[in-house]
Structures are given as C-alpha cells and as structure tokens.
Amino acid sequence: MSGAAGDAPTAALVQHRRITVAGVETFYREAGRRDAPVLLLPHGYPCSSYEFRNLMPRLADRRRLIAPDFPGAGYSGTPDDFDYSFDGYAAWLEAFVDVLEIDRFALYLHDFGSPIGARLAIKDPRRIVALIIQNGDIPYEDALGPKYADIEATWSLPRSEMKKVLAEAISKETFKEEFLNDLPPPLAAAIPPDLWTLHWSLMTPRRQEIAIDLIAGLKENRAWFPQHRTYLRENRPPALIVWGPNDHYMPEQSARAYLHDLPDAELHLLGGGHWLLETHLDEVTALMRDFLGRVHPS
C-alpha cells in the first residue's frame with residue numbers, strides 16, 4: 001500500500017507539472033514536501049529543467065525543489081508575444097514564483113539562469129535566503145573565459161550581420177560542444193548524449209530565433225553588470241560557489257571573481273566543467289546539503 005501524500009517516499013519523487021504563468025503554458029519539475037524550504041532552480045542554455053533531474057530527488061528529503069522550463073525552452077510554450085530577453089525572463093520568473101505562492105527561497109544560479117535569477121533577487125532581496133552559484137554567467141568583464149571573446153567579436157557587426165553569425169552557431173553539433181565544453185576525455189565520456197539530442201529535438205525555427213536574440217542580448221546585458229555587483233556587495237547573501245574550472249566560458253578565475261563582492265562566500269573548485277551535475281553530482285549534493293542545512297534549515 002502506498003504512503004500518504006507528503007511522506008518521504010512520495011516527496012522524493014520528481015513530479016512533472018503544468019500551469020499557466022503570465023499567459024504562458026509552463027512546464028516545471030517539483031520534488032519535496034510543500035512545507036519544506038524552497039530551492040528555486042532556473043536552468044541554463046541550451047538546456048531546460050532536465051539539467052536538475054538527478055539533483056532534485058537527492059535533496060527532496062529536506063527541501064522543496066522547483067525547476068521550471070523557461071518560455072521557449074524544454075516543454076513550456078513558445079508564445080509569439082513574449083519578451084524573450086533577460087528582463088523578460090526575469091519578469092516571467094517572478095510571476096512564476098508568485099503563482100506558486102513562494103515567498104522566500106534559496107536560488108541556484110547557473111549559466112543564463114544566473115543573470116535571470118539575479119534580476120529577480122535585485123528586485124526584492126528580501127526573498128533570497130541564499131545563493132548557490134555554479135558556473136553562472138558572471139558580472140565581471142575581466143574574468144570571463146576565452147570563449148566569450150568569440151561572442152564579443154560579433155558585437156561590432158551590424159545587428160543583422162551579428163545575428164546571421166550567431167545563427168551559424170546554433171546546431172545539434174554546437175549543442176554537443178556546449179555540453180562537452182572544455183572537459184578532458186574521461187569526464188567528457190560521462191556527459192550523456194541525451195543532453196544535446198533531447199534539447200536539439202525540442203528546437204523549432206522560432207526557438208532558434210529566440211536563442212539568437214538571447215545570445216545577441218549579452219551585449220546589452222553587459223551594461224547591467226554594475227547593478228548585479230552592487231546587489232551582491234550591499235546585500236551579502238549567504239553564498240555557496242561550487243565550480244567546474246574546465247569551462248571555456250567561465251573558468252576558475254570567473255569563480256574567484258565573486259569573492260570581490262562576496263568575501264564570505266564558500267568557494268569549492270571541483271574537477272569538472274560547466275555541467276557539474278552530470279559529472280560531480282555526489283560532491284555538489286553533499287556541499288549543498290551541508291550549506292543549506294546551515295543557512296536555510298528545514
């Protein structure tokens with residue numbers, strides 16, 4: 001006989017749900033008891049909430065973990081009238097947590113989820129109990145990895161030409177390169193091909209246009225860096241920085257840059273790369289469990 005709703009076995013299962021948020025059909029994953037402290041998991045590019053599929057059940061005994069698919073990604077809808085920019089995604093993420101009636105939460109910042117989640121934190125710092133920063137897009141121009149130079153090189157082009165160049169970088173093969181990134185062969189073999197195969201299969205011509213615009217928007221996003229740094233410096237949220245230095249976009253220097261504004265942050269450099277939850281899940285889970293147990297106890 002199955003246990004009652006909310007008991008440990010049931011809570012540890014990842015539930016797959018659909019709701020409407022700001023007019024967008026929204027898919028999200030959820031695990032843990034409804035009354036447990038919340039950990040919000042916005043995903044990166046070119047991924048979806050799928051990146052958290054293995055982490056969620058490992059922390060669900062003491063956390064309520066929530067991972068939405070952004071509009072135009074994963075299994076969420078792709079409406080024509082949505083603002084597919086970092087600001088637009090941040091406004092949508094705020095609407096998402098409001099619909100779920102989540103008041104305070106710890107926030108996981110990874111890849112493009114970092115500038116999106118950070119905008120949410122800046123708007124209402126009171127809501128943020130703690131930050132877990134894992135190879136997020138950093139707000140430090142002088143600490144970006146060499147791969148960012150390829151993106152920056154397009155910024156001097158006319159907008160139409162820049163988008164044409166960026167369009168050439170959106171393919172199944174480049175998705176594979178994004179997931180393998182700078183990993184040495186033994187670790188690269190641990191990255192499941194499901195990541196690029198699944199996410200490329202979910203791409204449509206419209207979603208390719210969205211990806212192009214979002215990557216192009218990194219130029220405008222650069223002007224927002226000072227505000228991000230000010231938020232960190234003035235609010236000093238408890239922070240766990242867990243990082244994979246084998247990352248062409250955000251290497252070790254990117255992780256250490258956060259210490260300028262978060263000197264009390266806990267920094268852990270692991271042996272992996274951009275997608276640590278695929279190669280170092282046990283280590284990341286242990287660090288998160290310890291950290292959240294101290295700063296956001298159940």
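The figures follow:
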read-out	value
Orientation-averaged projected area, Cα convex hull of the stretch 9-111 (nm²)	6.0
Tail fraction, Cα-Cα pairs, the stretch 179-255, threshold 13 Å, whole percent	79
Under the Debye formula (equal points on every Cα, no solvent term), log10 I(q)/I(0) of the stretch 59-192 at q = 0.09, 0.10, 0.14, 0.22 Å⁻¹	-0.36, -0.44, -0.88, -1.51
Length released on extending from Leu157 to Asp124, taking residue separation times 0.36 nm less the Cα-Cα span	8.3 nm
Exposure ranking of Thr204, Thr279 by accessible area [1.4 Å probe, largest first]	Thr204, Thr279
Chain lengthening between Arg222 and Asp81 when straightened (0.36 nm per residue, less Cα-Cα)	48.3 nm
Mean ellipticity per residue at 222 nm, deg cm²/dmol - from DSSP H runs of n ≥ 4 across the chain, formula -39500 (n - 2.57)	-11000 deg cm²/dmol
Whole-percent carbon and sulfur share, accessible surface of the chain, 1.4 Å	51
Accessible area expressed per residue, the chain, with surrounding protein chains retained (probe 1.4 Å, Å²)	42
Convex hull per residue volume in Å³, alpha carbons only, for the stretch 41-84	72
Histogram of C-alpha separations across the stretch 139-234, 5 Å bin width, %	2, 11, 18, 18, 18, 16, 11, 5, 0
The stretch 139-298 - Rg over Rh from alpha carbon coordinates, Kirkwood radius	0.99
Percent of Cα-Cα distances greater than 27 Å, calculated over the chain	38
Estimated FRET transfer efficiency (Val165, Asp35; beta-carbon r; R0 51 Å; 0.05)	0.55
Contact order normalised by residue count of the chain, Cα under 8 Å, 6+ apart, percent	18
Theoretical gain in end-to-end length, Ala149 to Lys176 [0.36 nm per residue, Cα-Cα removed]	7.8 nm
Cα centroid of the stretch 256-287 to Cα centroid of the stretch 73-92, whole Å	28
Approximate spin-label separation Ala189-Asp282, in nm, with each point projected 7 Å along Cα-to-Cβ	1.8
Amide proton proximity set for Tyr45, modelled H, under 5 Å, gap of 5+	Phe112, Gly113
Accessible heavy-atom area order of Glu30, Glu101, Glu252, Glu177, highest first, probe of 1.4 Å	Glu101, Glu177, Glu252, Glu30
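The values are calculated or read from the model by the stated rules, or taken from the named source; none is laboratory data. What you see is a predicted model; the values in this text were computed from it and never measured. A quick note on method: Cβ atoms are made from the backbone with ideal geometry, for glycine too, and the neighbour counts reach across all protein chains shown. Areas reflect the complete protein model, heavy atoms only, side chains present, ligands, DNA and RNA absent. Shrake-Rupley method; radii C 1.70, N 1.55, O 1.52, S 1.80 Å.
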